Each structure stands twice: as structure tokens, then as C-alpha cells.
Amino acid sequence: MKLRTALLAATVLAAPGLAIAQPVNGLYIGGGVGYNILQDSDLSFSNNGLPLNAGNQSGKAEFDGGWVALGSIGWGFGNGLRAEIEGNYRRNNLDKGRVGTATLVDIGGRAQTYGVMANVLFDIDLGLGWMYPYIGAGAGYAWTKWDINSNGSIVDDTDGQFAYQGIVGAAFPIDAVPGLSITAEYRYFATLDPEFSIEQTAGGGKVEGENRNHSFLLGIRYAFNVAPPVPPPAPVAAPAPARTFLVFFDWDRADLTDRARQIIAEAANTSKRVEVTTIEVSGHADLTGSPAYNQRLSLRRANNVAAELVRQGVPQSAITIQAFGDTRPLVPTARGVREPQNRRVEIVLK
């Protein structure tokens with residue numbers, strides 16, 4: 001069996017211009033079942049001097065459509081690449097057989113293949129959000145078993161050979177269960193040519209066949225390291241822009257920069273020019289650090305801004321201080337992400 005088909009399937013992994021997705025990051029498991037087409041197999045008989053036939057001959061075996069099942073466990077590297085180990089099983093019943101020009105009659109049986117594969121896959125992000133195509137290739141080892149009986153000639157043998165496959169599929173995430181996806185795949189799976197022993201009443205011999213499969217599968221995949229989406233901040237009524245001032249801070253700091261003092265001075269001067277009954281000073285933090293630490297940090301920031309307002313001539317009694325920690329990000333992010341716009345104190349004049 002030539003490996004040209006396997007090499008062509010593997011080259012798709014190097015295709016340029018594909019956007020990188022990150023739907024899988026860490027451990028995942030998957031499985032699928034579906035319809036399997038086993039290609040017609042060219043046969044090569046040898047009688048090894050025994051009365052199997054008049055001499056070495058060729059033939060063909062044709063198979064009905066069958067089924068396939070597989071399971072896998074793998075790891076996503078967070079950059080679109082995945083690697084996995086797969087176990088698989090395929091079964092197809094024999095339809096027709098021919099030796100030389102003679103069609104075999106009263107023939108029946110089946111072909112079965114089970115194996116272990118190592119696969120490398122690449123996820124593609126099309127920006128759709130609801131579908132992630134992927135491509136891949138794999139190599140491994142598979143055992144092919146033929147159980148065929150025709151007019152006293154019996155093939156009941158198993159042969160193991162190198163196996164390879166190409167994979168094209170798509171994953172459809174289920175929003176209600178983070179990490180869970182429905183998958184649809186096509187796989188071309190083949191092995192090197194297996195060889196089987198033939199038993200006959202008057203002797204025996206060997207038959208070499210082919211094992212080339214087209215598999216269509218539906219399945220599920222679950223990734224264990226998928227965090228639920230960050231909820232958007234609670235909607236609040238936006239105050240007039242001229243009466244809202246934002247003071248930003250360096251990471252893990254609560255001291256005021258020169259720019260921060262300028263903004264606070266503008267807020268203090270505005271409060272003296274317009275009719276203001278309350279000045280709300282609200283502290284915030286980004287999602288680095290623990291929630292408890294961020295709560296304390298946001299309070300220190302709010303207290304420092306309030307103290308500067310008092311120094312600028314704003315009555316202490318007019319100031320209300322609040323601290324929200326990391327619960328109200330201006331820019332929603334995952335936990336652990338440093339976001340400058342979330343490290344802030346909001347001064348609202350009412």
C-alpha cells in the first residue's frame with residue numbers, strides 16, 4: 001500500500017492564511033459514531049504450492065456500508081493546536097467476491113478493524129462564534145480481521161499493520177454547557193495491505209487485501225478548562241459627561257499621579273461652579289488578585305481621591321465613598337488579565 005494519500009492528508013496542517021482559534025485549552029475528551037464505507041478491496045491470492053487454485057490469481061471483494069465508533073482523550077495548547085490519542089472500531093459486511101474472472105457464490109462474512117491512533121489537529125476561528133472548523137492527521141496501528149466463508153474456503157484471520165488518517169470536521173459549542181460541543185467529521189482511514197491465511201478442505205494459502213475507509217461521524221467533545229463567559233456589568237444610568245470624572249491608577253497601586261491630581265482638581269472646581277448636593281467617589285480594581293484583595297485596594301483608591309477633593313476645598317460632608325472591588329469592570333475581561341481602564345475611581349457630581 002502506498003502512503004501517498006496519508007502524506008497528502010498531513011500537508012493540510014501546514015496550509016497558510018488560517019486564523020488561530022482557542023476553543024480548546026487543556027484536557028478534553030470526545031467520542032463519535034457514524035457510517036463507514038469500506039472501499040472495494042483488490043485481492044492477491046497465493047497458494048504456496050497447495051491446491052487453492054491453478055496458481056497465483058487476483059480478485060476483488062466488495063463490502064456493504066457499515067458503522068464506525070471511536071473515542072479520544074487529548075490536550076489543547078491554547079493556540080489552535082490539539083494532540084490526542086484515539087481508539088476506534090469499524091465493521092462492514094461482505095457483499096460480493098471474485099477470484100480471477102469467476103464470481104464467488106454462497107459467500108458471506110465481514111471485515112472488522114480496531115486500532116489506536118495519535119492525532120494532531122488544528123482549530124480554525126472564522127469569527128462566527130457558533131462553529132469552529134478543524135483539520136488534522138493521525139498515525140498509529142490497527143488490526144484488521146476478516147471472517148469470510150465461501151464454498152469451504154474460510155478466511156478467519158487477523159493482521160496488524162501501520163494505519164494513517166486525515167480528518168476534516170467542525171465543532172458547534174453548546175452555550176448552556178461551557179466546554180461542551182457537538183462535532184461532525186469526515187475521516188479517511190487506511191492501513192498498509194493486510195494479509196490473511198486461507199483454510200480449505202484440500203489445502204490453503206494466503207490472500208492480501210486492502211483496507212481503505214471513508215467515515216462520516218457525529219459526536220460530542222467536552223473540554224474541562226473552559227470558564228463561563230464574563231457577565232457584562234449591570235446597566236446603570238449614565239450621568240451627564242461634564243459631571244463624571246475618571247481617575248486611573250497604575251497596577252496594584254493606590255497613590256495619585258500628577259495627572260490624577262489634575263483630574264481631581266477639575267472635579268473640585270466643577271463642583272463649586274454648578275449646583276451639587278452629593279459627590280460620589282467609587283473605587284474599582286481589575287481582575288488580577290483575589291476578590292478580597294481587590295475590594296481593599298479599590299477602597300484605598302477611593303479614600304485617596306476623597307482626601308484630595310477635601311484638600312481642593314470640597315466639604316467632607318458632601319462626599320460619599322464606595323468601593324466595588326473587581327465586580328464592575330469598565331472593560332469585561334477574564335480573571336487574571338491586567339486592564340488599565342478597570343483600575344479607576346469614578347467621581348460623579350449629583
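The values are calculated or read from the model by the stated rules, or taken from the named source; none is laboratory data. Remember, predicted model here, so these are calculated numbers, not experimental data. Heads up, the Cβs are rebuilt from the backbone with ideal geometry, glycines too, and the neighbour counts pull from every protein chain shown. Just the protein is used for accessible areas: all its heavy atoms, side chains included, with ligands, DNA and RNA removed. Shrake-Rupley method; radii C 1.70, N 1.55, O 1.52, S 1.80 Å.
Before moving on, here are some points about what is shown:
- Looking across the range 325-339 at every residue that is open to solvent by 40 Å² or more (accessible area, probe 1.4 Å) and in contact with a strand residue (DSSP E or B) (Cβ under 9 Å, 6 or more places away or on another chain), the one that is farthest from R273 (Cα to Cα) is identified as R328.
- Residues (of a type in the set (A, V, I, L, M, F, W, C), crowded, with 17+ Cβ neighbours inside 10 Å and not in a strand (DSSP E or B)) located in the range 161-214: L192
- For the range 222-254, filtered to residues that are in contact with a Phe, Trp or Tyr (Cβ under 9 Å, 6 or more places away or on another chain) and open to solvent by 70 Å² or more (accessible area, probe 1.4 Å), the residue that is modelled with the lowest pLDDT is N225.
- Test: residue in the range 255-264 that is within 17 Å of R344 (Cβ to Cβ), in a loop (DSSP other than H, G, I, E, B) and not charged (D, E, K, R): yes
- Selection of the range 260-291 for residues being among the small types (G, A, S), open to solvent by 40 Å² or more (accessible area, probe 1.4 Å) and modelled with pLDDT of 90 or more yields only S290.
- Cβ-Cβ under 6 Å pairs, at least 6 apart or on other chains, the range 137-148 side more than 15 Å from A61 (Cα to Cα), far side at pLDDT below 95 and of a type outside the set (G, A, S): W143/T158
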